[in-house]
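I have placed the structure first, in the form of structure tokens, so that the comments after it can refer back to it.
Each reported figure results from applying straightforward, stated rules to the coordinates on display, with no laboratory input. Given the structure is predicted, the values throughout are model-derived calculations rather than measurements. Counting neighbours? That spans all protein chains shown, and the Cβs are built from the backbone with ideal geometry, glycine included.
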Amino acid sequence: MDAEAQAAGFEAAFPLLAETPDIYPAWRALVGALGVIGKQVHDARLVAVCHVHAVTHLLTFNVSHFVRMVGFGPGVVVVDPASV
């Protein structure tokens, strides 16, 4: 299967979320409230995207990176692929 077909299959299976202006303030609130610094600001951005788009579950190999963020705001359930 070529790259274009793989990308099309991925897009059909997983809806892509739009980058909206609401994501930055959600991220800023999360980072500010929890004192997130360094590399974890990128994980905080994923949580902010989840909050803005009402995503309730996040599948990741790095569950420990999200432990302190899951209870902030509407909350996100972090799931390790090994548990699925």
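Things to note:
- Length gained on full extension, Ala33 to Ala82, computed as 0.36 nm times the residue gap minus the Cα-Cα distance: 14.6 nm.
- Hz values of 3J(HN,Hα) by residue in region 37-48 - Karplus curve (6.51, -1.76, 1.60), Gly and Pro given as x: 9, x, 4, 6, 5, 6, 5, 4, 5, 4, 5, 4
- Charged-residue dipole, Cβ positions (Lys, Arg, Asp, Glu), the chain about Cα centre, Debye nearest 20: 480
- Per-residue Cβ neighbour rank within 10 angstrom, fewest leading, Phe66, Phe10: Phe10, Phe66
- Residues whose amide H comes within less than 5 Å of that of Leu58, counting only those at least five positions distant or on another chain, are Val77, Val78, Val79 (H built at 1.01 Å from N in the peptide plane).
- Whole-number percent relative contact order across region 18-83, with pairs defined as alpha carbons under 8 Å at least 6 apart: 30
- For region 1-71, GluC sites (Glu not before Pro) meeting the loop criterion (DSSP other than H, G, I, E, B) and having at most 11 other Cβ atoms within 10 Å: Glu19.
- Point-to-point label distance, Gln40-Phe10, nm (Cα→Cβ direction, 7 Å offset): 2.8
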